[in-house]
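Structure, as structure tokens:
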């Protein structure tokens, strides 16, 4: 039984980072991975934090809720006292999701976020009632704030959520521009088109370092405009004769707006399924980001059952086939008020996150079996990613004309593709392009950008229930083993005086074999265990229980493997009595 | 903690199937899923079996090796005595993989297979030495064999492996044509192009039922020819300056031939990594299916280390990122003789099986980090599937002009797409198109094709080590639970007379928390358990141990959840002494 290796590139425990006149850029997450974005800019005694996100666990981390950045560097010697502020680019969880797990451990520094991001952060914080009230200051497009030696200017960038902010950070070594996640969109929904003039102005002011989103760097061409999505969705709405059930990420606020606008155009009212969907609709409506006519948004999704099918849109979570999300409940008939009817139109307006292809296929199959019409992004352009593709990235780099270029946000192959783009198509020299790993310390001076040999800890910190970082490799490896062949506990009561095993040993096994049908195997196992124990204990020596247990474990493990070709975790318990 | 539901559509235990003058088509696997292909044709006292494949487990079935077809129907009343033969379409495991688990339980019926399929089946059987020697008869393109009331003619079909056979089965109700997995290829590698004349002849003889591969039914257009793949691979070979490491499925024999031909053209010798790759190269070479010049194929892969890099091709398994396969070992440095060098060219000449996207991305990232050049099928056409796409399917249906049409091989959405194609583009009437589920019994008479209300068992039968079908839902559910939050066993020794718990209860926990760092939690847990037990046992009543254990389980479970928000499986053991 093999246990998959964690990919770690920064195990160095050496936290000391040279103090110098360089600006230090220290990514704690988001490089070589999708999500968990967090980056420090440190200059002498000032540390600025950009974003504080989480990511979802890998498939080989069962039971884990999230992975958050490692903040050992900030905790060491209370270095966090130097934090001058946390600037938030936008309200997606891969940029804000770790706030409840980190903020109260680093001295509650002030947070700066645009109104929608602030609303989403505060709403989430309701689940963490015992924490100190968050200190969030509102910023908007054009805001400039002074934080220690840094001056941060926020500028609007298009993405899939409103209030997404790029950053121009004035530092003692020159301007650092952080693109945030972004795309260029001349016809966006629910917000202004990209302000190329402002981008040009920023570029003209001189950019020492461009930290640039890489998520779309392997995709050719230009990302789809939300206008194209709108037109295709319009066709689906126009031809649907029954209800429309649309599944998307609840974080795609602009897509939700499209669904509202289209529903109104086609005389449909809307119900919502899924906690995060309802929550985001509530926030965005309250803050004025979601525009709807009176009566369009129904209070309860059950209200759609009082309307003719062709006047109904249902917006729901679970487009990835998540077990407990709305769409799964609807298809299995577990949702209290909504189940599939023949003639329903199901629209998957989202991409499939790698790893979820199987469950999404199952969902599709189930809908088709129930005689619904299914539309998904492979059949028609009904989803656009929120990330700049190669042509947009080129335009961004050429507009900013940075001295140094550092791809951020994405798998290593994406960072690499972005770096090649900067070199091969935008004329940057290889030595001015930095592909870094989480935990590395990049020194930026007016003349040079260097990855130093020092590195700070940037391990996976796993959140499981209330535990932050308490589940480590040992626990995960045990879970992986348990899941493969189960566990086999054998409890023998041994008489201290005679060395004999009293009665028949108890066996507890789960996930190994179906016990009721394995009586002969269990009988043989007990016999072996008794023999193994008594061989040692009745020989007159003082029993070395560790030795006896090891014997039982190995002996029994071999026996079970020989009989079943499975290797359950074998745990012997010996209890002395008498 | 929710346990994902199995999707089952045939739970009926009613095995009785009406005897009649109808031909019964009984799919036992392969419908609504990819893999596990096996189908029965039954007419009165003759049963013909088509294929006997396995499939890989779903992600929610940890520890399971394969899923094989349910043969309860054949076992009941030794109905298998009516089996007149097993015809094999081709040598892929989704068509032959279940033979070692089924053949010796159904009376060892004669098997009919083409030479390469036979060779692969026999090679695999080496791993099952205690079984009776397989009875396999060779057939070839044009072979006609009489099996009970059936006469089977084999006809060559293009796919990704040589010796792939479609079937024309003459039955008392008319001809049944089974396409096998297929594609049309006018420029294949290593074999003849599609014989359209023969297909036309078969169509003209009249086709009562066409059972047609559906795997590609959602893909537009025509599948790529192997010639196109060859030309693109040629470009990669021509430009590679270092070694070429090519990963593909070992079952894609024709792709392996391409690699050999290209290596010879570009002056490279070849090493092989991976058990199944070496095994398939050996079989196909021995049987004359793999053509190579003397000296091209090296005996040991380590021999490549004696050659200049630009004279080396390494062919290896593990293109899906499988844990123990060749490619993973090469990238992690665990392979004894091959590791990555800067300048290596890595070619992923395979598609990514849904569910494996994450691990393949990890592999890609690791190669790029090690400064290799990576090519994969999304960047360039260096992989073609072996399955007919929509244009080919249309041509097949129009050539066969079947009275009845039954899509086989594929997820439900694929079967559905194939059925719509037959209706909307080939003019079949809806009532003549049969979308069936595994276990359903389809009655074919000269006039009608009907899915009957009877169904035979078609459950998932899971193979885990030596166990076939002994791991059921209970064990799987336990494995899922164990993997999420682990296990917590508490062992209390209770004095029978006093009702007191002796000493401190033992705790064994795995996959829950890191015990060394959870002393306080364990202390509290012990205290609670003692109190819970003694509340009952010292009250003077005779203790009801089941009741006590339930109390401990619930009480302790709630306590642990409250403290950690995790729900380990809690197993209390109470031992009475004294």
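Please treat every number below as a calculation from the coordinates, not as lab data. Nothing here was measured: the structure is a model prediction, and the numbers come from that model. Don't worry about glycine lacking a Cβ; one is built from the backbone with ideal geometry, like all the others, and counts go over all protein chains shown.
Helix A:545-564 sits at what angle to the longest principal axis of chain A, using alpha carbons and giving 0 to 90 degrees rounded to 10? In chain A, helix A:545-564 runs at an angle near 80 degrees to the longest axis. Comment: the Cα-to-Cβ extended label point of residue A:135, at 7 Å, lies 8.5 nm from its counterparts in the other copies, nearest first. Relative to one another, the C-alpha centroids of segment B:519-535 and segment B:145-195 are positioned 69 Å apart. Using only alpha-carbon positions in segment A:114-182, the gyration tensor eigenvalues give semi-axes of 25, 16, 9 Å once each is multiplied by 5 and square-rooted (largest first). Sorting the Cα pairs of segment B:336-491 by distance into bins of 10 Å, from 0 upward, gives 8, 20, 21, 23, 19, 8, 1, 0 percent per bin. When both segment B:342-403 and segment A:281-300 are represented by their alpha-carbon centers, they are found 44 Å apart. Only Cα sites of chain B enter the Debye sum here, all with the same form factor; the resulting log10 I(q)/I(0) across q = 0.09 1/Å is -0.79, listed in q order. Return the FRET efficiency for the residue pair residue A:239, residue A:337: r is the Cβ-Cβ distance, R0 is 25 Å, and the value is rounded to the nearest 0.05. Using R0 = 25 Å, I get an efficiency of 0.45. Distances between copies at residue A:310, taken between label points 7 Å from Cα along the C-beta direction, are 6.9 nm in increasing order.
Tell me, what is the Rg over Rh of segment B:226-376, with Rh the Kirkwood radius over Cα pairs? Expressed as Rg/Rh, it is 0.92. Entry note: the protein assembly as shown has Rg to Rh equal to 0.98, where both radii use alpha-carbon atoms and Rh is the Kirkwood radius.
Across segment A:486-577, the mean sequence separation of Cα contacts (distance under 8 Å, 6 or more residues apart), normalised by length, yields a relative contact order of 42 percent. Each label point was placed 7 Å from the Cα along the Cα-to-Cβ direction; for residue A:205 and residue B:536 their separation is 7.1 nm. Taking one quarter of the surface of the C-alpha convex hull of segment A:192-235 gives a mean projected area of 4.8 nm².
Nearest 10 degrees, 0 to 90: what angle lies between the long axis of helix B:357-369 and the longest principal axis of chain B (Cα atoms)? On a 0 to 90 degree scale, this one is about 80. Mean residue ellipticity at 222 nm, helices only, chain B: -9000 deg cm²/dmol; runs of at least 4 DSSP H residues each add -39,500 (n - 2.57), and the sum is divided by the number of residues.
Placing a pseudo-label 7 Å from each Cα along the Cα-to-Cβ vector at residue B:378 and residue B:451 gives an inter-label distance of 3.5 nm. Extents of segment A:42-92, largest first, come to 40, 28, 12 Å (Cα atoms, principal axes, whole angstrom). Kirkwood hydrodynamic radius computed over segment B:403-489 comes to 16.4 Å, based on all pairs of distinct alpha carbons. What number, in percent, do you get for the relative contact order of chain A if the mean sequence gap of Cα pairs under 8 Å and at least 6 apart is divided by its residue count? Once normalised by length, the contact order is 17 percent. When the Cα convex hull of segment A:195-292 is projected onto planes of every orientation, the mean area is 9.4 nm². Relative to the longest principal axis of the Cα atoms of chain B, the long axis of helix B:115-125 makes an angle of roughly 20 degrees.
Volume per residue for segment A:486-577 equals 80 cubic angstrom (convex hull of Cα atoms). Semi-axes of the equivalent ellipsoid of segment B:56-210 are 27, 21, 15 Å, computed as sqrt(5λ) over the eigenvalues of the C-alpha gyration tensor in descending order.
From least to most packed, judged by other beta carbons within 10 angstrom and beginning with the fewest, B:248, B:171 follow the order B:171, B:248. Grab the beta carbon distance between residue A:129 and residue B:122, set R0 = 56 Å, and tell me the FRET efficiency rounded to 0.05. Given R0 = 56 Å and the Cβ-Cβ separation, E is 0.25.
Inter-copy label distances for residue B:110: 9.0 nm (label point placed 7 Å from Cα along Cα→Cβ; shortest first). Between residue A:105 and residue B:105, how many nm apart are label points set 7 Å from Cα along the C-beta direction? Result: 5.1 nm between the two label points.
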